[in-house]
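Chemist: Let me give you the structure first, and then I'll get to my questions.
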Amino acid sequence: MTTEGLPSENLSAVSSLARPQLGYPVDERTPLLPSKKQDLIEEPDDGYHQASFTSAVFNLSTTIVGAGIMALPATMKVLGLPLGLLTIVICGILTDKSIEFLIRFSQPCKARSYGGLMADSFGKPGRTLTQLFIIINNVGVLIVYLIIIGDVLSGARGSDAAHTGLFVEWAGGPTWWNGRAFVLAATMLCILLPLACFRHVDSLKHSSALSVGLAVVFVVITSVVAIKKLFDGTIDAPRLLPDVYDQSSFWRLFTVVPVMVTAYICHHNLHPIANEMKGSSEAEIHRVSRASILLCSMIYVATALFGYLLFGEKTASDILSNFDTDLNVPYSKLLCGIIRISYAIHIMLVFPLLNFSLRLNLDALLFPKAKALAEDTRRFSILTAVIIASVFIGSTLVPNIWVAFEFTGATATVCLGFIFPGLIALRDNSNIATSRDKWLALIMVVVAVISSVSAITTNIFDLFATVDSDQPKNLHGIYSYLSVRR
């Protein structure tokens with residue numbers, strides 16, 4: 001049998017057929033003909049493979065550093081500084097391992113998406129459930145991002161706090177052009193829609209680099225101000241241990257876990273980014289994920305440490321709201337303005353990356369047999385328009401949707417980040433998992449399930465409980481901040 005002239009991807013198939021004749025062992029589980037499960041796994045390829053290592057790192061890092069960064073200082077108030085920082089590091093390590101599971105187990109079955117990998121392990125139900133969870137998670141986060149942009153630029157009013165928007169401050173009061181509806185519509189049409197229309201995630205590499213840079217700007221300003229006040233002796237001693245005084249306060253510690261998972265979630269964009277890389281080998285993709293997680297972990301540790309040191313027990317669930325006040329340092333108003341506008345721009349640049357994976361999964365769910373989305377202009381345009389319109393309507397007409405988001409952080413996000421990767425390793429369809437992998441996967445799933453159930457239960461009780469206004473009812477990142485909006 002000769003293999004001359006055959007495409008490289010067919011060589012492995014020919015080799016496997018020739019093995020019995022050559023005396024090599026054969027994996028009896030490998031089918032000689034395509035199966036229905038293989039049809040679920042195989043997905044169209046638009047042929048674009050030009051992304052570099054650097055662009056992949058920036059895109060994955062931007063996916064990670066979203067709104068969750070602003071909730072991390074508040075977790076220090078719940079866990080105490082040493083345990084809080086340790087939790088960030090441990091969560092980063094576990095995230096790295098969960099992504100490694102996705103990378104390793106995608107190679108044998110040639111899965112090009114998270115849903116395709118779940119289809120290999122659990123068939124069509126696994127694929128459909130993964131796609132639905134990604135859609136739920138991303139739609140919710142995109143609506144929240146748009147609400148944040150509206151709050152920063154136009155302001156927000158609530159029963160407990162008022163936040164004056166930057167445009168309102170600059171204009172000296174409300175006008176037609178700084179009204180919330182106009183600002184959101186202009187932002188969607190002029191910034192978010194054009195960014196959402198790129199066919200390939202690699203096209204967002206420059207905006208992603210800027211987004212990461214803006215996150216670093218926030219860290220630098222916060223750390224410099226905190227260090228100055230530390231030397232001035234105007235910073236109170238930080239909490240070193242969690243404040244556990246009864247059973248309820250103990251279980252509330254677990255509500256921090258969904259915050260950490262939300263802060264690190266990027267699993268839904270791993271495959272789209274990897275698919276566009278030049279020679280996307282398992283080792284190269286893992287290098288990208290590890291570099292991204294290391295970069296983001298450094299940003300997270302600095303944000304949590306200096307943000308909590310700066311505001312102490314007054315740290316809000318969303319630290320951005322702390323920058324509405326005087327920092328008692330020179331150029332305080334200017335620094336607060338820079339932080340708020342840079343964060344708003346950062347969110348705008350994260351938006352298209354989440355939109356990208358949302359659009360791919362929505363398309364795969366609705367049109368599983370269609371050709372690659374990037375090659376179908378009509379389908380691409382319709383899905384993009386539907387998503388943008390839905391997110392805009394959700395952000396303007398459903399302002400109290402934060403209640404639902406509190407629970408998606410402890411369900412869909414935890415499943416995508418920890419539970420599903422752990423179950424894939426435990427299922428081990430490709431028979432490549434070591435005993436260490438399975439033990440780690442089991443621990444990952446058990447801890448995630450316990451934390452998720454505890455967080456959901458605590459949130460349900462908190463909805464009907466009266467607590468001290470200085471203590472947030474929950475810590476699901478930016479969503480807690482949105483609870484003060486009318």
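Values in this text are rule-based calculations from the coordinates and carry no lab data. Computed from a predicted structure; not experimentally measured. Because the Cβ atoms are built from the backbone with ideal geometry, glycine has one as well, and the counts that use them run over all protein chains shown.
Chemist: Could you check the spin-label model distance between Val453 and Thr54? Points 7 Å from the Cα along Cα→Cβ, value in nm.
Modeler: So the label points at Val453 and Thr54 sit 4.9 nm apart.
Chemist: Between Thr325 and Phe231, what FRET efficiency comes out of the Förster formula 1/(1 + (r/R0)^6) with R0 = 25 Å and r the beta carbon distance, rounded to 0.05? Don't jump to the answer; show the numbers that get you there.
Modeler: Numbers: r = 21 Å, r/R0 = 0.84.
So the FRET efficiency works out to roughly 0.75.
Chemist: Also, quick follow-up: Say the cut-off is 20 Å between C-alpha atoms; which of Lys229/Lys333; Lys124/Lys369; Lys77/Lys314; Lys205/Lys278; Lys97/Lys438; Lys205/Lys371 go over it? Working shown, then result.
Modeler: Details: Lys229/Lys333 16 Å; Lys124/Lys369 14 Å; Lys77/Lys314 9 Å; Lys205/Lys278 15 Å; Lys97/Lys438 12 Å; Lys205/Lys371 25 Å.
Cα-Cα > 20 Å for Lys205/Lys371; rest within.
Chemist: Calculate, in nm to one decimal, what Val224 and Leu132 gain on full extension: separation in residues at 0.36 nm each, minus their alpha carbon distance. Write out the running numbers ahead of the final one.
Modeler: Values: separation 92, 0.36 × 92 = 33.12 nm, distance 4.25 nm.
Difference between extended and current length: 28.9 nm.
Chemist: Here is a follow-up. What FRET efficiency comes out for the pair Tyr245/Ala291, r = Cβ-Cβ distance, R0 = 41 Å, nearest 0.05? It would help to have the intermediate numbers written out before the result.
Modeler: Details: r = 42 Å, r/R0 = 1.02.
Working from the Cβ atoms, E equals 0.50.
Chemist: Then there is this: Relative to 2.2 N^0.38 Å, what does the C-alpha radius of gyration of the range 88-208 come to as a ratio? Two decimals please.
Modeler: Details: Rg = 20.3 Å, N = 121, 2.2 N^0.38 = 13.6 Å.
Relative to the 2.2 N^0.38 Å estimate, the range 88-208 comes out at 1.49.
Chemist: Can I ask one more? Using all alpha carbons of the range 54-484, what is the percent of pairwise distances in each 20 Å bin, ordered from the shortest bin to the longest?
Modeler: With 20 Å bins starting at 0, P(r) equals 27, 59, 14, 0.
Chemist: What fraction, in whole percent, of alpha-carbon pairs in the range 178-319 exceed 25 Å separation? Before the final figure, lay out the partial values.
Modeler: Values: 5146 of 10011 pairs.
The share of Cα pairs beyond 25 Å in the range 178-319 comes to 51 percent.
Chemist: Could you give me the ³J(HN,Hα) list for the range 368-380, computed from phi with Karplus coefficients 6.51, -1.76, 1.60 and θ = phi - 60°, whole Hz, x at Gly and Pro?
Modeler: x, 9, 6, 6, 3, 4, 5, 9, 10, 4, 5, 5, 4
Chemist: Over the range 266-369, what lengths in whole Å, largest first, do the semi-axes of the equivalent ellipsoid take, defined as the square roots of 5 times the eigenvalues of the alpha-carbon gyration tensor? Write out the running numbers ahead of the final one.
Modeler: Numbers: eigenvalues 264, 65, 29 Å².
The answer is 36, 18, 12 Å, longest axis first.
Chemist: For Ala51, what residues show an amide H to amide H distance below 5 Å, using hydrogens built from the backbone and excluding near sequence neighbours?
Modeler: Residues meeting the amide H criterion: Met277, Lys278.
Chemist: Hey, can you grab everything whose amide H is under 5 Å from the amide H of Gly155? Only 5+ residues off in sequence or another chain; H modelled, so Pro and N-termini drop out.
Modeler: Gly165, Leu166
Chemist: Listed highest first by mean packing, meaning other Cβ atoms within 10 Å per residue, what order do 71-78, 313-320 come in?
Modeler: Working: 71-78: 26.9, 313-320: 21.0.
Averaged packing, sorted descending, gives the order 71-78, 313-320.
Chemist: Peptides 375-381, 57-63: what's the order by average Cβ count within 10 Å, highest mean first?
Modeler: On the way: 375-381: 13.4, 57-63: 26.3.
Packing proxy ranking, top to bottom: 57-63, 375-381.
Chemist: Check which residues have an amide H placed less than 5 Å from Phe198's amide H, if you skip close sequence neighbours.
Modeler: Close amide H contacts, sequence-distant or interchain: none at all.
Chemist: Further question on the same structure: Two decimals is fine: what is log10 I(q)/I(0) at q = 0.22, 0.24 Å⁻¹ for the range 302-360, from a Debye sum with one equal scatterer on every Cα and no solvent?
Modeler: -0.92, -1.02
Chemist: Extending each Cα 7 Å along its Cβ direction at Val89 and Glu313, get the distance between those two points in nm, one decimal.
Modeler: That separation, rounded to one decimal, is 2.8 nm.
Chemist: Could you sort 174-181, 140-147, 185-192, 335-342 so that the peptide with the highest average Cβ count within 10 Å comes first and the rest follow in order? Please list the in-between numbers first.
Modeler: Values: 174-181: 13.8, 140-147: 24.5, 185-192: 15.8, 335-342: 18.2.
The most tightly packed comes first, giving 140-147, 335-342, 185-192, 174-181.
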